[in-house]
Amino acid sequence: VSRQGLDALTPEQKASLPPLDMTDGAHRAFVKAATGGHGHEMKPDAFERMYTAMVIWDETMSSNVAAWLEKAGPGARMVVVAGNGHIADRFGVPARAARKSKVPYATIVQEVRRGQTERRTDTTYADFTVWWDESAPPKPPAPAKPAAPKPAADAPKPPAT
């Protein structure tokens, strides 16, 4: 879909898609800003294909969440691990799953700070936010030196001097 659009799907593939809600202008603006942060401006048709693919991900994940919660019954809880673009500002999976399941949710967004000093703390962004400072990965330990071989118990002893 991101390369060729919905029209490139077979009828069977199209039939397997959940209903797609492409009407949230704030979500569209969020995704557009996020893709602009990758250093290039997408052509409008390329953005539409990419946005449609992302909505398919969100709708599919949220449909699976809602179906599982319904099958599990009242009181069931679920933890969904997904990228920030599918969670932050509640546009993607959280709002879509809640709309389908009528089950309340909480979100946690984690970010690696790369020199940023501003942090979003508003609850429209997430219920909880975790910030990590960027760091270099730990260096692997130096390889252990092989131990000197022990002489066999029946090995001849060197002559005494």
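Elements of the type helices (runs of 4 or more DSSP H) sitting completely within the stretch 25-122 and holding at least 1 residues that are at pLDDT below 90: these cover 25-36, 44-72.
Looking only at residues in the stretch 80-106 that are of a type in the set (A, V, I, L, M, F, W, C) and within 13 Å of the chain's Cα centre (by Cα), the one that is surrounded by the fewest Cβ atoms within 10 Å (Cβ to Cβ) is Val81. In the stretch 59-78, the count of residues that are open to solvent by 60 Å² or more (accessible area, probe 1.4 Å), of a type outside the set (S, T, N, Q), farther than 30 Å from Arg119 by Cβ and in contact (Cβ under 8 Å) with a residue 12 or more places away in the chain is one or more. The listed residues are Val109, Val130, and the only one of them that is open to solvent by less than 50 Å² (accessible area, probe 1.4 Å) and out of contact with any Cys (no Cβ under 8 Å at 6 or more places or on another chain) turns out to be Val109. Within the stretch 7-44, if we keep just the residues that are over 23 Å from the mean Cα position of the chain (by Cα) and open to solvent by less than 70 Å² (accessible area, probe 1.4 Å), the residue that is farthest from Asn84 (Cα to Cα) turns out to be Thr10.
The values are calculated or read from the model by the stated rules, or taken from the named source; none is laboratory data. Just so it is clear, the structure is predicted and the values come from calculations on it, not from any experiment. We place every Cβ from the backbone using ideal geometry, glycine too, and count neighbours over all the protein chains shown. The area values use the complete protein model at the heavy-atom level, side chains included, leaving out ligands, DNA and RNA. Shrake-Rupley method; radii C 1.70, N 1.55, O 1.52, S 1.80 Å.
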